[in-house]
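So the structure is just underneath, and the comments pick up after that.
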Amino acid sequence: MAPDINTLQTSAPAGVVKKNEEKPNIIYIMADQLAAPQLKMYNPESQIKTPNLDRLAASSVQFDSAYCPSPLCAPSRMSMITGLLPMKIGAYDNASQISSEIPTYAHYLRSKGYHTALAGKMHFVGDQLHGYEQRLTSDIYPGDFGWAVNWDEPGTRLEWYHNASSILQAGPCGRSNQLDYDEEVMYRSVQYLWDHVREGPEKRPFALTVSLTHPHDPYTITKKYWNRYQDVDIALPKVRIPKEELDSHSKRLMKVCDLWDQGFSDEQIKRAKRAYYGSVSYVDDCIGKLLETLEDAGLAENTIVIFSGDHGDMLGERGLWYKMSYFESSVRVPLLINYPKWFQPHRVSQNVSTLDLLPTICDLIGTKPAPCLPMDGQSMMPHLQNKEGHDTVFAEYTGEGTVRPMMMIKRGPWKYITCPADEPQLYNLEKDPHELNNLARFVKSPSQSPEDGTAKALFDKFEAEAKARWDFDAITAQVLQSQRSRRVVWDALKEGTFTSWDFDPVDDGRMKYIRSTIPLDALERRARFPPVDSKGYESKANVTPSFVMATLGLDDDEHKSVEHTVARLAQLSSSIQSLKMDILKSNPLPHPSSLQASAQILQRNLQSVLESLNDNSDLFTRMAIRPSTNYPGRAQENILTQLLRKKLEPDLEELVLEGRETARLATPEGIAQLQAIWDALRKWTQGRIAEYVRDEAGDVYTKEERENGVENVRTGLKRALHEESDDDEEEEEEERGGEGDNSDEEDGEKDGKRANTGPEPETLLWFAARGDFEVPRNVEYERRVGVKKGLEGVNIPPEGMGRATSS
């Protein structure tokens, strides 16, 4: 039984999916090792050219103080997808495997009906999906234990560690491993969007993650992007500290990355930064391509765009390169959330984390993380709605370059860093944006001023909070045990036949392009977008609603009114179908009380449609380029039905063709012309109805047709259908050899009348949606046994249907 649409919820808080509202799609674009402080949208002095990203930021909620949960690829991403800090899920380094029983945002999205797809890097180890329904590419990095860190030998540089070659060899290239990968990611992502829009009407909303590996080192890019900075004098790093004066963790990083003994020239530094800038511009062009595809496919208006990254890159600041530290260029990431339909563009200064994406995405799709499970992330919905939100983030690091857990707390302008193996650090970024004044020096010397006293009091609070939050000895033991276990397993797996854990995406050529085994409907949907009719005109029936509404020039409220009415029409059609199926197909028939309940729901749904049409009559009068479904009124439905069966007079056919041609202009002038044509059509309709009521009521033929003799009239639609029916019956008789039961025909002719097989008033909905007066292409009046008859989707049985099917 179809639901009663009058009982459905019609309102919900702003910024979340309302019941019965079309769910927004989500595209999450990620860049790898993209430092927020290097971008123009965060730094006016930036030399990096990112026009697409800047345009996106201008219409987005921009987070100016967003951080990653760990300044290393895999731990940061594992925390991001789960909403849990790295130590809670065992995400210790780039070769750590998190449990498949931990829910990710992909699981929550799937549970709400989304198709979840991943194109690009995610650094999964073991399980390569973690809730994603489809993975479009393999990962660029290994999905095994091969990159496990070894704290038992802290002085040993493992072969896969970063090294100085990225800086020493920086420059343009023709092709690179990274380019091979991102080109595939982009191809698969764009193809996914086009495949989605060409799916059938029952398609689910999508949640697509596009994760690029640029601008991650090595610092090389094609000449196209290298030359984009030919006229730019690349700025040298602002903070240049002698290596002997660096903090202890930074010293270890320089040795781990093979930078300690290197003395890079200014020219080498500029070349490395230039290649990085070019790589960022490459990412920017990829973003532009994705946004362009959303527009071209008619998906932009109903797609939430999220942009962020996994961590940053020091790019020579303090003599450091790559990531793995808590300085701003390493740990701060870009974060944009774009959906102007819900959120006004503005900037958020409070501290947030990519850890917060899971609960935020849950809010966006109208659900919540499971309350019985742990959750470190906090929803950014208050920030999106320009309200007060949280202002504290935490980060954890146990990867290469440290020998004990290293943690960070960022609250307001204050950044606190602690590690049992290193001296603590405390910075006030509001006054010290380059992090040059470590206020934690009070550990070794007494404070000298009231300001120092304030900093010392804050430091003591941070110290107490860190000790309460983290058991450093227990975490160290867990990390060491994990490293040792993975080394044992990995050494064993390398012996004998090796079975890779890396993902191998399915690319079945047998199910692509044009194949005999692919259903015809699917092939037709793939053939062309947007689809066109037989004359090459764009078929509006298959264009996304947002595209159509934009073409009609409706504002958001009017758009919602139209969508509301369309939804009610769909529900009415569903309830009609439900009742018809109960009556025509059920055996035995349902209980009378059930049929009565279905009929009452249908009646209420019909009343609801009529009320909606009445409430929005001005809107539909202004926007209509086709007859309203209740025009000229319910009292004259039969008259309109009879008229629709008739063939158009030649002058009216010419007017309709002119209207179609004018509609193609899609310009203000074209709309004005179309309005004039429709006014003429409406005037003709009113006059024709008056003439029909006055001269032809009760007769399906015009006055001229009666004068010429109705037996000679063969052009009307009704006559054509009867002719076709007669011909088919004769063919059927020949096939049966003249045999068969003709009792039904005899009964039907006793009164000298034929049963009315034409469309019923319900069919007007179909004509209105179609927007022209031609005979529906899918009307089948075939008389052969077993062929479905009547109007497809309405199930009006033509004359003799019962006899044909029973024989």
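The values are calculated or read from the model by the stated rules, or taken from the named source; none is laboratory data. Because the structure is a prediction, the values reported are computed rather than measured. FYI the Cβ positions are ideal-geometry reconstructions off the backbone, even for glycines, and counts take in every protein chain you see. Calculation scope for accessible area: heavy atoms of the full protein, side chains included, ligands and nucleic acids excluded. Shrake-Rupley method; radii C 1.70, N 1.55, O 1.52, S 1.80 Å.
Results, tabulated for the structure shown:
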read-out	value
Accessible surface of Glu133 - all protein chains present, 1.4 Å probe, nearest 10 Å²	70
Gain in span if fully extended, Leu436 to Phe498, counting 0.36 nm per residue against the direct Cα distance	17.4 nm
Relative contact order (%) - criterion: Cα under 8 Å, at least six apart; region: region 115-205	31
In range of the label at Lys88: residues from region 396-423 whose backbone nitrogen is under 13 Å from the point 7 Å along Cα→Cβ	396
Efficiency of FRET from Cβ geometry, Leu246 and Ile514, R₀ 60 Å, rounded to 0.05	0.45
Solvent-accessible surface ranking, highest first, for Trp194, Trp226 at 1.4 angstrom	Trp194, Trp226
In Å², nearest 10: area of Met511 left accessible to a 1.4 Å probe	100
Built amide H within the under 5 Å cut-off of Gly120, gap 5+	Leu136, Thr137, Ser211
Which of Glu463, Glu396 is most accessible, then next, and so on - probe 1.4 Å	Glu463, Glu396
Ranked by how many other beta carbons lie within 10 Å on average, peptides 103-116, 38-51 from highest	103-116, 38-51
Burial order of peptide ranges 470-481, 371-382, 119-130 (average beta-carbon count within 10 Å, highest first)	119-130, 371-382, 470-481
Most to least packed among 452-461, 149-158, 352-361, 410-419 [average Cβ atoms within 10 Å]	352-361, 410-419, 452-461, 149-158
Potential extension, Asp679-Asp127 segment - 0.36 nm per residue separation minus Cα distance	192.4 nm
Solvent-accessible surface (1.4 angstrom probe) belonging to Glu245, in square angstrom, nearest 10	130
Segment Gln169-Glu451, length gained on full extension (0.36 nm per residue, minus Cα span)	96.9 nm
Anisotropy class of region 92-135 from Cα gyration tensor, a/c 1.5 cut	oblate
Amide N of region 24-41 lying under 14 Å from the label point, which is placed 7 angstrom from the Cα of Arg347 along Cα→Cβ	37-41
13 Å beta-carbon shell around Val280, net charge (K/R +1, D/E -1)	-2
Spatial separation of Cα centroids for region 127-201 and region 208-241, in angstrom	18
